[in-house]
Amino acid sequence: MPRLKLFAPERFKETGAENRYPAMRQKGKEMEAVIRLNRELAYTGSILKIYKDTVISNGVESVFDYIHHDGAAAVLPVTKDGKILMVRQYRNALDRFTLEIPAGKLDAPDEPKLECASRELEEETGFRSENIEYLMTINTTVAFCDECIGVYIARDLIPSHQHLDADECIDVEEWKVEDLLELIYSGKMTDGKTVAAILAYAQREGLR
């Protein structure tokens with residue numbers, strides 16, 4: 001039977017182990033290194049690269065799929081009456097329309113996520129803001145992809161104009177937070193960044 005061990009997050013942070021040993025895992029009382037032997041580029045797409053990684057984990061050589069993404073930003077636009085501006089758009093991977101917060105990829109790997117969030121807000125909703133604050137950071141699919149999204153809150157929205165790509169078709173909708181929470185809890189809203197952002201915002205603002 002596996003040995004259970006009480007894990008104290010504060011002790012792990014105090015030691016700095018999460019920074020010094022990013023590729024190590026806990027095993028009993030020891031930490032065993034995962035060694036990457038090789039990384040081979042298998043495919044390059046328009047927004048991602050797919051690699052084949054050969055690693056030694058638990059003493060066994062294995063091949064892992066790894067997807068690299070340059071990163072993205074998302075923004076939760078809050079209207080003056082407390083509603084959230086959402087965007088409805090077609091997602092090819094799911095073959096359906098989804099309801100999401102505005103978001104988009106970085107123009108360059110080193111682009112500040114705040115700048116990206118500001119740009120995507122105006123491009124997708126037709127509003128801009130000079131009052132944008134950080135909410136959270138999420139890794140969307142930690143098992144095989146390094147995509148990292150910075151999520152922000154935008155207030156004091158200023159009317160502007162949408163700037164959609166030629167292949168984009170986006171409808172902008174106003175939603176009450178409580179109605180969005182109902183979509184989440186009923187399983188009707190499944191986009192990870194949107195679910196995380198709305199739940200974090202609702203908790204922060206004391207909304208249910």
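The values are calculated or read from the model by the stated rules, or taken from the named source; none is laboratory data. This is a predicted model, so every value here is computed, not measured. As a convention, Cβ positions derive from the backbone with ideal geometry for all residues, glycine included, and neighbour counts pool all protein chains shown.
Those residues that are touching a residue at least 60 places away in the same chain (Cβ under 8 Å), aliphatic (A, V, I, L, M) and assigned to a loop (DSSP other than H, G, I, E, B), I need them from region 68-124; list them, please.
Passing the criteria: only Ile101.
Being over 30 Å from Glu32 (Cα atoms) and β-branched (Val, Ile, Thr) is the filter here; which residues of region 59-90 pass it?
Result: Val75, Val78, Thr79, Ile84, Val87.
Which residue out of Glu124, Glu147, Glu168, Glu115 is over 18 Å from Leu199 (Cβ atoms), at pLDDT below 95 and either of a type in the set (Val, Ile, Thr) or under 21 Å from the mean Cα position of the chain (by Cα) (or both)?
It is Glu168.
Among the residues of region 125-180, count how many are touching a residue at least 60 places away in the same chain (Cβ under 8 Å), out of contact with any Leu (no Cβ under 9 Å at 6 or more places or on another chain), under 16 Å from Gly104 (Cβ atoms) and in a strand (DSSP E or B).
Going through region 125-180 one residue at a time, the tally reaches 2.
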